[in-house]
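Read the structure below first, then the notes.
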Amino acid sequence: MLVELLYCSVSVAYQITNVDLEHILDSARRRNLEEGITGVLLYYRGAFVQILEGSKESVENVYEKFIGPDLRHTALNKVHQNTIAHRSFSQWSMGFVGAPEIESRMPSTAIGILMNTLTDESKSKPLSLGLNAFVSIYNQMRKSPYK
């Protein structure tokens, strides 16, 4: 059984550097490959939004043992967890969307960014509940004032 888990959190550091993000992504990608997890991480203005996909056991293991205790973020909020029929990010152990992609005009919408990153199978089907929630959160983040 495949599940998707969507969570949000806030960076403890006021400004995370590109080096910090690279460390986060490197360790997440290695761990996700080992666990058979795919997904995408969005970081913008101090906020993280992430979707994880994989077996229920693997996703919950990573969330509870690695993401939850990570001291680099706070205000952890599991927004959504549900079963899915297929992976939307099967080509990525951990895709990443950061400020340059969000602030650029191409694509200028969350749907545009997601459609560029989804698998061909996912592009031809309606968005899952988790992806719809991701889009909603993303749009709220874009509208928030700069820190």
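No lab work stands behind these numbers, since they all come straight from the coordinates. As the structure is a computational prediction, the values presented were derived from the model and not from experiment. Cβ atoms come from the backbone with ideal geometry, glycine included; neighbour counts cover every protein chain shown.
A few comments on the model shown:
- Relative packing of peptides 14-26, 54-66 - highest average C-beta neighbours within 10 Å first: 54-66, 14-26
- For the range 72-91 versus the range 14-57, the gap between their alpha-carbon centres in whole angstrom: 11 Å
- Interatomic Cα distance distribution for the range 1-99, bins of 5 angstrom, percent: 2, 14, 26, 28, 18, 8, 3, 0
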